[in-house]
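The block underneath contains the structure these notes are about, expressed in structure tokens.
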Amino acid sequence: MRIDQLTDAALETLRHDDVAGQLTTTFALALEQYPMEISWRGERLDAASIQSRRHERVLRVDGVDDPVALVVIEWKQHQRNRLLHLCDGNGASLHAIRAGIQAPGFDFTAYLRWDGFRERTAEVALADFGVEPFSSLIEVARGELRRYFGERSEQRGEELVLDASTAYLRRVHGEYLPSGPGASPRPAVAAVVPGPRGRP
């Protein structure tokens, strides 16, 4: 597919260096769902290769009977914007708004999946302006994002403490401290085996 006659605003957006990253995060779920390939300036977009962590959760929203799910993808690369994509049930992004939460140190994109977004495409652009049930869907999704990144912040804090402890022990007991996957951060104890009685 070839797209011509772009608007001035679209052309300005395409001049940014992170266009490939924006396209990758926008179409991440679609690239997983369909046998499709998207390239930018000859480079194939590969969302899987830059994912660092993924979280999925089914949401319960008052007044909404159809299935609703939130997908959160953390990225290895820095993201200029933290967005919440409003997607149909297959993961196709129909509109994007700001994630609207505080999550220092995390680069992520969130995807709210609901078939109703496809059925009410004309209204999706107003989703962040109090239109129901969009407003309730977004509120519940942001609540789950706050909960998830609250847990991730605690995990990251524990990881930093463990890394600092391991680094300290390695400086003090470097010659005895094992390293590598599965190694314990505690120093190994050298065993002393006594010789035969009467000998030193």
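Each reported figure results from applying straightforward, stated rules to the coordinates on display, with no laboratory input. Predicted, not measured: the structure shown is a model, and the values here were computed from it. Cβ sites come from the backbone with ideal geometry, for glycine too, and all protein chains shown count toward neighbours.
Of note:
- Distance (nanometres) between label positions extended 7 Å along Cα→Cβ at Glu56 and Arg98: 3.0 nm
- Ordering 48-60, 122-134, 98-110 by mean Cβ neighbour count within 10 Å, with the highest value first, yields 98-110, 122-134, 48-60.
- Computed lengthening from Gln77 to Met36, 0.36 nm per intervening residue step minus Cα-Cα distance: 12.5 nm
- Between the stretch 95-153 and the stretch 61-75, the alpha-carbon center distance in angstrom: 8 Å
- Cβ-Cβ FRET estimate between Arg171 and Asp46, R0 fixed at 30 Å, reported to 0.05: 0.15
- Largest to smallest principal axis extent of the C-alpha atoms in the stretch 64-110, angstrom: 35, 18, 16
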